[in-house]
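Student: The structure is given below, and queries will be raised subsequently.
The values are calculated or read from the model by the stated rules, or taken from the named source; none is laboratory data. The shown structure was predicted, so the numbers you read here are calculated from the model rather than taken from an experiment. Because the Cβ atoms are built from the backbone with ideal geometry, glycine has one as well, and the counts that use them run over all protein chains shown.
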């Protein structure tokens, strides 16, 4: 495909040998005839169910004795990740320009802004060709920053967690490719959000394995795009001059060749060939990083989300019980006064209770709920564990989220969840007049019970706030981006909570995280709220 491809039998930096083009054609389906002729490799696909968190598209059979290179592709919607993936496949297969063919493993929908279903989950491409000396796995994330659904970006983290914890997938990574348009002229609020979201997915030990792939390039140094990356404080691998390591691509490899523009097209193809060649040289000399720290980051994010959700539920329950207590206290006083004057009356009281109802599909598809505490411990669009003891919120067979930290066997999984409801109880004048002493006694007993419940709720609130603080501090220690938008979206809420429970030092620690983030991060959070809705639907007002 490229104008300066290798000669027959020559090897690349990774030792890839030329694969028989006719064998590839026989194992492919033609997409479009022309120069080059486009073919799609006959691959196998697993996890076709859209409820799954990721799908696997595989060509060939994995040889566990061969070296295995694993690449993660992340970037904004429409940057051209699909073309890059296919360019890498053609490169390792040794496809040459004079072969007049172009092979693809991606489907028609990948990386298209208008595609809804196929880009809703992560795709893991496995390219395992017997004649090559290295097997290749490419993890392709859906494009970030799609205005259609900003909440989908958050679900990418959940999908990656599933990929990393699956026994048959990946547990280390060679390179993270941050795909950026070379013509990115300035750092917009949206771009800040995308850079932040991408970096917040990883542990702090992976920065030397992150590289920049600039697409749609004409070959010039992408000064403005590099400035935008620098302003966004993107952490990535650097050269001996402490400059970001990057590679340039033109993204026109699969386009039909036009002899009238041969010179321009040759230059474009040469540019992309140099980019993919240098990238694989970098890949060859880069040591893989285990995903254990990155796994911990994603797990802490999930636990922080669960803690915040339960904390908000507790606050709502507390407010309802406080109102009920005040109403009951007022009624007791009225009882005593009216009974003395022999007045008939009727009153109504709002009472809080839990109800187990069907999940709103816009929130999640499944949930894990504690039947003892009647609380929602975890919910998501995707579900992969076979045993609730494996759930990410379980530790030592007990839940880390619900109030009583109950055993996993006290939890259930299903399409229902608990919500706090309000019902109105009416007391009649006849009952009060006949048995006012008993009724007053019952109300006073209820007052005592409500006061005790409020004390317990306060203790639970303190525990949840402290657990959330622990998650934030842990992320600060292990995350590549300690002050990510994911953390900052909860900061103000948690600061107010610590002020309420009289923990000024912890409130100050959170204030410092907020100050380090700066005004730029604040603008991004406000942008997301204004134009795309809350990042977290459970975020407090």
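Student: Restrict the check to the range 524-535 and report whether at least one residue is modelled with pLDDT under 90, exposed (fewer than 15 other Cβ atoms within 10 Å of the Cβ) and in a loop (DSSP other than H, G, I, E, B).
Tutor: yes
Student: Do any helices (runs of 4 or more DSSP H) entirely within the range 408-504 hold 3 or more residues that are closer than 26 Å to residue 304 by Cβ, assigned by TED's automatic domain parsing to the domain that holds residue 308 and modelled with pLDDT under 85, and if so, which?
Tutor: Answer list for the range 408-504: 485-500.
Student: Check the range 1-23 and report whether any residue there is at pLDDT 60 or above, under 34 Å from the mean Cα position of the chain (by Cα), more than 20 Å from residue 162 (Cβ to Cβ) and not in a loop (DSSP other than H, G, I, E, B).
Tutor: Within the range 1-23, none of the residues are at pLDDT 60 or above, under 34 Å from the mean Cα position of the chain (by Cα), more than 20 Å from residue 162 (Cβ to Cβ) and not in a loop (DSSP other than H, G, I, E, B).
For (1) more than 23 Å from residue 250 (Cβ to Cβ); (2) in the same structural domain as residue 279 (by TED's automatic domain parsing); (3) surrounded by fewer than 16 Cβ atoms within 10 Å (Cβ to Cβ); (4) in contact (Cβ under 8 Å) with a residue 12 or more places away in the chain, each residue gets a yes or a no:
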{"site": "186", "(1), (2), (3), (4)": "no, yes, yes, yes"}
{"site": "197", "(1), (2), (3), (4)": "yes, yes, no, yes"}
{"site": "209", "(1), (2), (3), (4)": "yes, yes, no, yes"}
{"site": "213", "(1), (2), (3), (4)": "no, yes, no, yes"}
{"site": "217", "(1), (2), (3), (4)": "no, yes, no, yes"}
{"site": "222", "(1), (2), (3), (4)": "no, yes, no, yes"}
{"site": "225", "(1), (2), (3), (4)": "no, yes, no, yes"}
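Student: Of (1) surrounded by 18 or more Cβ atoms within 10 Å (Cβ to Cβ); (2) out of contact with any strand residue (DSSP E or B) (no Cβ under 8 Å at 6 or more places or on another chain), residue 33 satisfies all except one. Which?
Tutor: Only one criterion is unmet by residue 33, namely (1).
Student: Going through the range 113-142 one residue at a time, which ones are at pLDDT 80 or above, under 21 Å from residue 42 (Cα atoms) and within 19 Å of the chain's Cα centre (by Cα)?
Tutor: 122, 123, 124, 138, 139, 140
Student: Here's a check for you: in the range 375-403, which residue that is assigned to a strand (DSSP E or B) and without any contact (Cβ under 8 Å) to a residue 40 or more places away in the chain is surrounded by the most Cβ atoms within 10 Å (Cβ to Cβ)?
Tutor: 399
Student: Okay, next question. Tally the residues that are in a loop (DSSP other than H, G, I, E, B) and on the phi > 0 side of the Ramachandran plot, restricting the search to the range 51-80.
Tutor: The total comes to 2.
Student: What is the residue count in the range 165-184 for residues that are closer than 20 Å to residue 283 by Cβ and surrounded by 16 or more Cβ atoms within 10 Å (Cβ to Cβ)?
Tutor: Residues in the range 165-184 being closer than 20 Å to residue 283 by Cβ and surrounded by 16 or more Cβ atoms within 10 Å (Cβ to Cβ): 10 in total.
Student: Would you call residue 372 surrounded by 13 or more Cβ atoms within 10 Å (Cβ to Cβ), in a loop (DSSP other than H, G, I, E, B) and more than 23 Å from the chain's Cα centre (by Cα)?
Tutor: Answer is yes for this residue.
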